[in-house]
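What follows is a set of notes on a single structure, which appears directly below.
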Amino acid sequence: MKIKKVYICSSCGASHAKWQGQCSSCGKWNSLIEDAVAEVSEKQRRALTEFSSPAITLDKAFEIKTEKKKTGLGEFDRALGGGFIKGQITLLAGPPGIGKSTLMLEAAGLIAKDGDKCLYVSGEESCQQVSSRAARLSISDSRIYLLSETNLLKISEEIKKIKPAVVVIDSIQTVYHPEIGSASGGMAQIRECAAELLRLSKQNSISLFILGHITKEGDLAGPKLLEHMVDTVLYFESEKNGAYRIVRAQKNRFGPADEIGIFEMTSSGLISAPDAFSFSAQEKDAVCGRARTVFFEGSRPMPAEVEALVNRTFYPYPRRVFNGIENARAQMLVAAVEKNTGLRFDSQDIFAGVKGGLKTKDTAADLAFCAAMISSLTDIAVKGDCAFLGEVGILAGVSMCPYISQRIAELDRRGFRKVFVPAGFKEKQKFDIEIIKVSDLRELHSLLKSHK
């Protein structure tokens, strides 16, 4: 077998005969990494996916039912879009130590308890180490098989012999194909191993969960092609104080791609925490610089607090620090408030963010952000049972945001008394909460003063 040197793009997976500063396929700079691959003859060369089915008409395809099966972990099932199906390939990526192995071992335990065989393949730990973690998590089931192996051919043999319904690969960076002449974790190895596992999964209707590491830049370690090959991509991340873990869907061929699942790390493992970032509307004390709103993450309405601290600066240039809100959008909102309310921020430091370390791009939080800044600067206290919903434009107009009725219903359910909404909102159902309509930021400033 002849080995040749190639340069593979870490962003798109394209191979190049020699190194160059910019990838000619995706245009990314300094992304080519040297690798060694085996030259394959035309007879040996295989397609990326070697599974196929005869052509059928579309009306017949509708008759093929795909039933979703739940893992038993409520928040994980939510992130998956309600569960997984046979033959689905899910990539779970996250930094080291965040709890990927713990999460998948817990899911395997619940799936096995439901009667399905599970094969947990670990390339980083021995079977004894995995079993000791399982003992700490109180997982013990004869339908869970453990395999400590990195050779892809041996893993394939075990899968064919055991015939499990679910396979977990922990992690793809440790698996290698003996016919590929490069080290495990390289671009060629990851691509070929993932393609082989994909073929095996689709041909045998096996649900496959692949664990992957991420780089310091926050991207998946390995070729970007890996994300395109799988059906579902989930990113496991930690909010700032480390108490909660968030599984965020980035891609999902069998469900919504914007769902999240929230977990809390405890001594007994990861537990679902659907109300981790919520608060009580009974906290009615009026506070300066705090405004409440409702984000939407997929199908989940999430009440959240936006906090702002506006204080006289002691520096030549005022500081602007924003957490959980896009910096460019926050700067625009500051300018819109200053331009249209007569309030001055040129000599004020502004520190603002979403409480609990949450990050959002939901524009429904704009009105709450502006209310928190106005409240902090003018010392107008906002009551805890009051919320703000609406998108704010460059010209300070307050416009509608998606799912506004569902957001109001969530606030109503939680016992809020007042909600500020765009003037264009038309009430199609009866709410017990008082609805106050706002057309622009100038009117918001006046209403805040009158509702002291």
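State the answer as a single residue: which of GLY357, ALA409, SER347 lies farthest towards the positive end of the charge dipole of the stretch 296-445, with beta carbon charges of +1 for Lys and Arg and -1 for Asp and Glu, about the Cα centre.
My answer, from the dipole projection, is ALA409.
Taking the Cα centre of the stretch 295-442 as origin and charging only Cβ (+1 Lys, Arg; -1 Asp, Glu), how large is the dipole, in debye to the nearest 20?
With Lys and Arg at +1 and Asp and Glu at -1, about 120 debye.
Please identify every one of the trypsin sites (Lys or Arg not before Pro) in the stretch 288-396 that sits in a loop by DSSP and has no more than 14 other beta carbons within 10 Å of its own beta carbon.
Sites meeting the loop and neighbour criteria: ARG319, ARG344, LYS361.
What angle, in degrees between 0 and 90 and rounded to the nearest 10, separates the Cα long axis of helix 187-204 from the longest principal axis of the Cα atoms of the chain?
For helix 187-204, the angle is close to 80 degrees.
With no other cysteine's Cβ closer than 4.7 Å, which Cys residues of the chain count as lacking a disulfide-compatible partner?
When partners are defined as cysteine Cβ atoms under 4.7 Å apart, the chain leaves CYS118, CYS127, CYS193, CYS288, CYS370, CYS386, CYS401 without one.
With +1 assigned to the C-beta of every Lys and Arg and -1 to the C-beta of every Asp and Glu, and no other charges, what is the dipole magnitude of the stretch 69-272 about the Cα centre in debye, to the nearest 20?
420
Rounded to the nearest 500, what is the 222 nm mean residue ellipticity of the chain from helices alone, with -39500 (n - 2.57) per DSSP H run of 4+ residues and division by all residues?
Helix-only estimate at 222 nm: -7500 deg cm²/dmol.
Note the listed values (i) 1.05; (ii) 1.01; (iii) 1.31, then indicate which one is Rg/Rh (Cα atoms, Kirkwood Rh) calculated from this particular structure.
(i)
Taking only the alpha carbons of the stretch 69-272, what extent do you get along each of the three principal axes, in Å, biggest first?
That works out to 43, 39, 30 Å along the principal axes.
Which far-off residues, 5 or more places away or on another chain, put their amide H under 5 Å from the one on ILE206, with H placed in the peptide plane?
For ILE206, whose amide H was placed from the backbone, the distant partners under 5 Å are GLY87.
Near the amide H of GLY181, under 5 Å away, which other amide H atoms are found, from residues 5 or more places off or on another chain, if H is placed in the peptide plane?
Distant-sequence amide H within range of GLY181: ALA38.
Read phi for every residue in the stretch 253-268 and hand back ³J(HN,Hα) as whole Hz from Karplus 6.51 cos²θ - 1.76 cosθ + 1.60, θ = phi - 60°, with x for Gly and Pro.
7, 10, x, x, 9, 10, 7, 9, x, 10, 10, 10, 7, 10, 5, 9
Once phi is turned into θ = phi - 60°, what whole-Hz ³J(HN,Hα) does the Karplus curve with 6.51, -1.76 and 1.60 give for every residue of the stretch 422-439, x standing for Gly and Pro?
So the Karplus estimates, Gly and Pro as x, are x, 5, x, 6, 10, 6, 9, 9, 8, 10, 7, 7, 6, 9, 10, 8, 10, 9 Hz.
On C-alpha positions alone, give me the angle between the axis of helix 404-413 and the longest principal axis of the chain, in degrees, nearest 10.
So the inclination is approximately 80 degrees.
Can you give me the angle between helix 327-341 and the longest principal axis of the chain, using Cα atoms only, in degrees from 0 to 90, rounded to the nearest 10?
10
What is the Cα centroid distance between the stretch 299-318 and the stretch 87-157, reported in whole angstrom?
Computed from Cα coordinates, the inter-centre distance equals 42 Å.
State which entries of LYS28/LYS359; LYS161/LYS202; LYS160/LYS202; LYS117/LYS163; LYS68/LYS202 exceed 18 angstrom in Cα-Cα distance in the structure shown.
Beyond 18 Å between Cα atoms: LYS28/LYS359.
Compute, for the chain, the length of the dipole vector about the Cα centre, with Cβ point charges of +1 (Lys, Arg) and -1 (Asp, Glu) only. Units Debye, rounded to 20.
That gives the chain a dipole magnitude of about 360 debye.
Quick one: Karplus J couplings for the stretch 72-87, per residue in order, coefficients 6.51, -1.76, 1.60, θ = phi - 60°, nearest Hz, x for Gly and Pro?
Per-residue couplings from phi come out as x, 8, x, 6, 5, 5, 4, 5, 6, x, x, x, 10, 10, 5, x Hz.
Each reported figure results from applying straightforward, stated rules to the coordinates on display, with no laboratory input. Since this is a predicted model, take the numbers as computed values, not measurements. Please note: Cβ atoms are built from the backbone with ideal geometry, for glycine as well, and neighbour counts cover all protein chains shown.
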